[in-house]
1. Could you work out how far apart the two model spin labels at Leu113 and Glu197 are, taking each label as a point 7 Å from the Cα in the direction of the beta carbon, and quote it in nm?
2. Under the Karplus relation 6.51 cos²θ - 1.76 cosθ + 1.60, θ = phi - 60°, what is the ordered set of whole-Hz ³J(HN,Hα) values for the range 48-57, x standing for Gly and Pro?
3. Note down, for the range 125-275, the three equivalent ellipsoid semi-axes (square root of 5 times each alpha carbon gyration tensor eigenvalue), biggest first, whole angstrom.
4. What are the ³J(HN,Hα) values, in whole Hz, obtained from phi via the Karplus relation 6.51 cos²θ - 1.76 cosθ + 1.60 with θ = phi - 60°, for each residue of the range 245-256 in sequence order, with x given for Gly and Pro?
5. Report, ordered by chain and residue number, the lysines lying within cross-link reach of Lys179, taken as a straight Cα distance under 27 Å and ignoring same-chain residues fewer than 8 apart.
6. What length, rounded to one decimal in nm, is gained on full extension from Glu223 through to Glu286, with 0.36 nm per residue of separation minus their alpha-carbon distance?
7. What list of ³J(HN,Hα) values in whole Hz, one per residue of the range 125-142 in order, does the Karplus curve 6.51 cos²θ - 1.76 cosθ + 1.60 (θ = phi - 60°) give from phi, with Gly and Pro shown as x?
8. Could you work out how far the C-alpha centroid of the range 45-87 sits from that of the range 179-194, in angstrom?
Amino acid sequence: NRQWILESRPTGEPTMDNFDLRESEIPEPDHGEVLVESRYLSVDPYMRGRMRDAESYAEPWDVGDVMQAGVVGDVVESNHPEFEEGDVATGNLRWAEYAVADGDDLQPVDPDLAPVSTALGVLGMPGRTAYFGTLEVAEPEPGDTVLVSGAAGAVGSVVGQISKLAGARVVGIAGADEKIDWLTEELGFDAGINYKEADNLYAAVGEACPDGVDAYFDNVGGEITDAAFAHLNVRARVAVCGQISLYNATERPMGPRKLAGLIETRARVEGLLVRDWAGRFGEATEQLAEWVQTGDVQYRETVTEGFENMPEAFLGLFDGVNIGKQLVEVE
Ligand code: NDP
């Protein structure tokens with residue numbers, strides 16, 4: 001049973017030295033527990049926060065411990081009444097080929113609904129983040145302009161499509177022409193900005209959003225967000241979902257800027273945590289599954305083959321290697 005251990009805490013951008021691959025015994029499930037063999041593992045930006053020794057909304061991991069991850073896998077052995085051998089299950093497990101969990105903390109995955117990997121993406125945590133963050137915080141109205149950063153990622157790509165379904169004009173910001181093409185040619189985004197190619201982000205946002213921005217869904221923070229704030233309309237909503245451009249920062253970034261504009265626009269800036277809607281996850285999954293089946297919401301996955309490549313897949317998130325949801329498939 002191979003496992004990835006947090007070997008050391010990163011300073012700035014994580015490196016391979018922060019991870020250690022170890023062999024261990026396959027664990028035995030106790031009373032009420034289930035043994036799961038991982039098929040797909042999720043790497044997510046929030047994991048960077050858990051590698052840090054600082055209080056945040058997710059608890060820090062201890063150095064020397066096996067890291068945690070969202071996993072979809074096969075039930076190998078079950079001491080829980082709701083699971084039996086051969087079932088597919090998902091839950092917050094480990095960066096490991098096998099892991100045990102309390103059956104109460106696992107959810108069954110229906111392989112007939114969609115490919116099981118989607119339980120970690122469009123039908124899982126990122127999809128639910130997009131669903132609630134868009135409908136409950138960004139609140140797009142017909143005719144609004146919605147601007148999304150991190151637009152070609154797991155969350156952002158779904159945010160844009162739900163905003164289209166709500167009747168908005170949608171503009172996505174992402175870091176590669178291939179990503180912008182996917183958003184505008186396949187997902188129905190009205191315009192896109194490749195921020196890595198833009199000489200002047202402020203001007204690029206202005207050009208792509210000639211009527212200003214009514215809702216800004218922020219996955220990245222930093223200069224992209226500065227540019228977005230400068231184009232907010234009266235009564236605009238800003239949904240602060242992630243700040244990935246700052247996760248590897250070694251110095252405290254400059255505080256919120258350009259807030260004088262909020263006086264004039266009376267815009268609302270609101271952070272969100274998907275777990276606050278835990279009581280409504282079923283509703284989100286059901287609606288997202290329906291949209292996936294009708295083709296109203298399309299998704300893409302970037303699948304890294306091989307459990308041994310998990311840290312590399314994680315590090316790729318900070319270089320924008322992924323289009324859509326980044327997963328690792330155990331071969
Ligand atoms: P993504 O699939 O979007 O992957 C991360 C992407 O971020 C990369 O592909 C890259 O794309 C972009 N990126 C990386 N570095 C930078 C940078 N310096 N500036 C701008 N863009 C950058 O991840 P998720 O969809 O899983 O997560 C998106 C955001 O949402 C993250 O910030 C995450 O922490 C947050 N989140 C928050 C939740 C909550 O409850 N609040 C729940 C889930 C996620 P590119 O090529 O465009 O640069």
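1. According to this spin-label approximation, the distance is 3.8 nm.
2. Running phi through 6.51 cos²θ - 1.76 cosθ + 1.60 with θ = phi - 60° gives 4, x, 7, 7, 8, 8, 8, 4, 8, 5 Hz.
3. Its equivalent ellipsoid spans semi-axes of 19, 18, 17 Å.
4. Each residue's phi maps through the Karplus curve to give 5, 10, 5, 9, 5, 9, 10, 4, x, 4, x, x Hz.
5. Lys164, Lys196, Lys325
6. Value of the extension gain: 19.1 nm.
7. These are the phi-based 3J(HN,Hα) values: 4, x, x, 5, 4, 5, 4, 6, x, 6, 6, 9, 10, 6, 6, x, 10, x Hz.
8. Comparing the Cα centres of the range 45-87 and the range 179-194, I get a distance of 33 Å.
Just so you know, all these numbers are worked out from the coordinates, no wet-lab data involved. Note that the structure is predicted; figures quoted are calculated from it, not measured. Backbone-built Cβ (ideal geometry, glycine too); neighbour counts: all protein chains shown.
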